[in-house]
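Chemist: Quick one: the structure is below, and I'll ask about it shortly.
The values are calculated or read from the model by the stated rules, or taken from the named source; none is laboratory data. Just so we're clear, the structure is a prediction, and the values are computed from it rather than from any experiment. When we count neighbours, we look across all protein chains shown, and the Cβ atoms used for this are built from the backbone with ideal geometry, even at glycine.
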Amino acid sequence: MMTEVLRIDPARIDAAAIAAAGARLRAGALVAFPTETVYGVGANALDAAAVARIFAAKQRALNDPIIVHLAALPQLETVATDIPALAYTLAERFWPGPLTLILQRHPRVPANVSSGLLTLAVRMPAHPVAQALLTAAEVPVAAPSANLFTRPSATAGGHVLADLDGRIDLLIDGGPASIGLESTVLDLTGAVPTLLRPGGLPVETLQALLPQVQVRPGYLASTQAAAAPGMLLKHYSPRAQLLLFDGTDWQAVTAHMQAEARRLLAAGRRVGIMASTEQAPLLGAPGLLVQTLGGQADLAAVGSRLFDLMRQLDQAGVEVILVAAPPAAGLGLAIRDRLYRAAAGRVIEVGDGERC
């Protein structure tokens with residue numbers, strides 16, 4: 001089976017084509033589509049067999065829940081129960097957008113969406129193509145990131161095909177994702193709102209509305225049950241080994257990266273570096289491939305390029321990727337989280353570096 005590709009201009013959405021794609025979703029097909037965070041591969045969230053196809057297509061661990069995507073706020077009551085007033089306050093403030101809420105799962109939602117848990121991850125994406133598709137589908141859509149399990153998330157249509165061509169029915173290519181980092185996951189099922197995964201909505205923005213929010217990202221072994229999507233320790237990983245350097249003095253960190261790169265090159269390894277604009281001129285050696293993420297202060301640019309550069313370095317055949325962790329503030333917290341998981345929790349401390 002070849003995956004059909006439908007290219008849609010987000011500024012001029014083909015209503016007939018989107019209606020047809022929505023009908024296919026409703027009927028049980030797997031459809032990949034862009035969101036503002038990353039591309040998702042979707043199935044009718046009320047169809048257990050269709051949801052099972054997602055796990056098979058992605059080779060996804062069965063203990064990793066899937067986010068359910070909604071077209072409009074009234075749909076929330078069709079997938080969740082005992083919804084707290086705070087959920088509506090947050091939805092009115094941040095939906096559509098990169099915020100996922102953990103609520104109590106409605107019995108009509110199949111258990112495999114939530115990996116057997118009684119809770120449910122749910123959000124409303126802001127991308128115009130996603131909004132149009134979800135409206136046309138007329139059902140809630142379960143959709144994890146559109147990549148093979150543990151691989152870097154797909155932020156462009158080409159990434160989806162690289163991983164899932166022939167495994168899914170349709171790809172709607174709506175151009176690159178603008179944020180490039182998965183959604184922030186907030187658990188509302190306990191006594192205190194708890195952030196389980198930092199993401200495209202900075203925690204500081206949440207804290208302005210919810211000063212009491214706790215930040216407790218999970219880093220679980222592959223055999224442990226995850227309370228929310230994206231909590232396993234090894235995740236978002238390139239094929240190459242990723243070495244994560246952490247420290248408060250970026251020049252000292254850069255020097256350590258340069259020394260490690262030279263050592264690896266001398267040992268005959270193929271080495272790539274993902275560097276900030278400020279670091280890049282200080283790095284270099286024969287055979288070393290340096291890719292620029294963006295300026296240290298421009299975390300939005302860094303986040304939008306992160307997964308794409310991982311994939312580019314994999315395609316270039318590097319065996320080891322070196323990268324520095326940004327400060328744990330704003331989108332930097334989400335970027336650190338993705339790098340920490342991509343490195344499977346291994347961090348090279350430089351000076352008084354701060355751990356993820």
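Chemist: Can you pull out the residues in the stretch 70-82 that are surrounded by 16 or more Cβ atoms within 10 Å (Cβ to Cβ) and touching a helix residue (DSSP H, G or I) at 6+ places or on another chain (Cβ under 6 Å)?
Modeler: The one that is surrounded by 16 or more Cβ atoms within 10 Å (Cβ to Cβ) and touching a helix residue (DSSP H, G or I) at 6+ places or on another chain (Cβ under 6 Å): Ala71.
Chemist: What tally of residues in the stretch 228-276 results from selecting those that are among the polar types (S, T, N, Q), surrounded by fewer than 17 Cβ atoms within 10 Å (Cβ to Cβ) and within 23 Å of Ser183 (Cβ to Cβ)?
Modeler: Of the residues in that region, 0 qualify.
Chemist: Take the residues in the stretch 121-133 that are in contact with a helix residue (DSSP H, G or I) (Cβ under 8 Å, 6 or more places away or on another chain) and under 15 Å from Trp95 (Cβ atoms); name whichever of them is surrounded by the fewest Cβ atoms within 10 Å (Cβ to Cβ).
Modeler: Met124
This table checks each residue for (1) of a type outside the set (A, V, I, L, M); (2) in a loop (DSSP other than H, G, I, E, B); (3) at pLDDT 95 or above.
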position	(1), (2), (3)
Gln224	yes, yes, no
Leu242	no, no, yes
Thr248	yes, yes, no
Arg263	yes, no, yes
Arg269	yes, yes, yes
Pro286	yes, yes, no
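Chemist: What are the residue pairs meeting all of these: first residue in the stretch 319-330, first residue over 13 Å from Arg346 (Cα atoms), second residue outside any loop (DSSP other than H, G, I, E, B) and of a type in the set (D, E, K, R), Cβ atoms under 7 Å, and 6 or more apart or on different chains?
Modeler: Pro326/Arg336; Ala328/Arg336; Gly330/Glu204
Chemist: Which of (1) buried (at least 22 other Cβ atoms within 10 Å of the Cβ); (2) more than 22 Å from Ala56 (Cα to Cα); (3) under 14 Å from the mean Cα position of the chain (by Cα); (4) not charged (D, E, K, R) does Ile102 not meet, given it meets every other one?
Modeler: All conditions are met except number (3).
Chemist: Can you go through Val290, Val323, Val318 and tell me which one is crowded, with 21+ Cβ neighbours inside 10 Å and either touching a helix residue (DSSP H, G or I) at 6+ places or on another chain (Cβ under 9 Å) or in a helix (DSSP H, G or I) (or both)?
Modeler: Among Val290, Val323, Val318, only Val323 is crowded, with 21+ Cβ neighbours inside 10 Å and either touching a helix residue (DSSP H, G or I) at 6+ places or on another chain (Cβ under 9 Å) or in a helix (DSSP H, G or I) (or both).
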